[in-house]
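Colleague: One structure, as structure tokens, below. Some questions next.
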Amino acid sequence: MHGPAPSGWLLVALCAATGAYCLLRMRSGVEEQRRAAGGEALMGFGMAAMAVPAAAFAPPPWAWAGYAVVFGAAALRALWAARSGAHHLHHLVGALAMVYMALVMAAAPGGGHAHGDGGVPLLTGGLLLYFAGYVLLTGARLIPVPAVAGASGAPAGWGDRPELARACRLSMGIAMVAMLLTM
């Protein structure tokens with residue numbers, strides 16, 4: 001999944017910054033927002049780790065299986081949480097996409113850093129379409145949203161800013177498209 005080093009480092013920075021902001025969002029007073037932020041932090045940091053350029057760090061072969069296990073567990077958690085809300089279905093698709101990418105990288109010759117010449121597999125194409133649509137929809141939803149006020153009427157804290165949460169999700173969607181394009 002590794003493309004050119006400069007774009008790889010930009011992707012790492014974007015995903016790590018998004019994961020860090022999602023950790024801040026976990027301080028929200030709303031339990032559902034905390035749960036969603038935790039899953040998004042895992043995705044952000046996992047995407048950052050998977051996007052590190054191969055020239056800087058070539059993960060051991062077992063690392064890809066580790067990614068698959070971690071994101072498989074995240075997919076099961078998202079599936080369980082999907083009983084209460086549709087947004088968890090997006091978390092499920094994202095986690096399964098990460099499992100798919102980890103398995104493809106594990107099966108690739110050279111420890112996951114070779115690119116195949118067989119064209120775009122159907123599943124990769126479907127995931128690309130899904131995430132491209134998600135990016136467009138999320139971007140359209142970024143049109144100004146009034147900030148949520150706290151119970152005392154004070155401005156919302158960093159964890160309760162819906163426009164920042166949407167921007168966070170948008171950046172992770174863009175990063176997912178970029179990662180899928182380099183497969």
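Colleague: Given the conditions (1) surrounded by fewer than 21 Cβ atoms within 10 Å (Cβ to Cβ); (2) in contact (Cβ under 8 Å) with a residue 60 or more places away in the chain, report the number of the one that R83 does not fulfil.
Modeller: Among (1) surrounded by fewer than 21 Cβ atoms within 10 Å (Cβ to Cβ); (2) in contact (Cβ under 8 Å) with a residue 60 or more places away in the chain, the lone unmet condition for R83 is (2).
Colleague: Would you confirm whether any residue within the stretch 160-171 is closer than 16 Å to A51 by Cα, modelled with pLDDT under 95 and surrounded by fewer than 17 Cβ atoms within 10 Å (Cβ to Cβ)? Steps first, please.
Modeller: Our first condition is that a residue be closer than 16 Å to A51 by Cα; within the stretch 160-171, this holds for 171.
Imposing the further condition that a residue be modelled with pLDDT under 95 reduces the set to 171.
Narrowing further to those that are surrounded by fewer than 17 Cβ atoms within 10 Å (Cβ to Cβ): none.
Checking the stretch 160-171: not a single residue is closer than 16 Å to A51 by Cα, modelled with pLDDT under 95 and surrounded by fewer than 17 Cβ atoms within 10 Å (Cβ to Cβ).
Colleague: Continuing with this model, one more query. Looking at S28 and the list (1) part of a loop (DSSP other than H, G, I, E, B); (2) among the hydroxyl-bearing types (S, T, Y); (3) modelled with pLDDT of 90 or more, which single condition is not satisfied?
Modeller: For S28, the exception is condition (3).
Colleague: What is the one condition in (1) part of a helix (DSSP H, G or I); (2) touching a residue at least 60 places away in the same chain (Cβ under 8 Å); (3) more than 21 Å from L89 (Cα to Cα) that T18 does not satisfy?
Modeller: (3)
Colleague: In addition: Within the stretch 78-89, work out how many residues are touching a helix residue (DSSP H, G or I) at 6+ places or on another chain (Cβ under 7 Å) and part of a helix (DSSP H, G or I).
Modeller: 5
Colleague: Okay, moving on. Under the condition of being over 15 Å from the mean Cα position of the chain (by Cα) and among the aliphatic types (A, V, I, L, M), which residue from the stretch 1-25 is modelled with the lowest pLDDT?
Modeller: Here the residue is A5.
Colleague: Is there a residue being within 19 Å of Y134 (Cβ to Cβ) and not in a helix (DSSP H, G or I) anywhere in the stretch 49-59?
Modeller: Looking through the stretch 49-59, at least one residue is within 19 Å of Y134 (Cβ to Cβ) and not in a helix (DSSP H, G or I).
Colleague: Determine if the stretch 111-127 includes at least one residue that is on the phi < 0 side of the Ramachandran plot, assigned to a loop (DSSP other than H, G, I, E, B) and at pLDDT 85 or above. Break it down into steps so the answer makes sense when it comes.
Modeller: Start the filter on the stretch 111-127 by keeping residues that are on the phi < 0 side of the Ramachandran plot, which leaves 113-118, 120-127.
In the following step, the residues that additionally are assigned to a loop (DSSP other than H, G, I, E, B) were identified as 113-118, 120-121.
Of the ones still in play, those that are also at pLDDT 85 or above are 121.
Checked against the condition, which is being on the phi < 0 side of the Ramachandran plot, assigned to a loop (DSSP other than H, G, I, E, B) and at pLDDT 85 or above, the stretch 111-127 yields at least one hit.
The values are calculated or read from the model by the stated rules, or taken from the named source; none is laboratory data. Given the structure is predicted, the values throughout are model-derived calculations rather than measurements. Glycine gets a Cβ as well: all are built from the backbone with ideal geometry, and neighbour counts include every protein chain shown.
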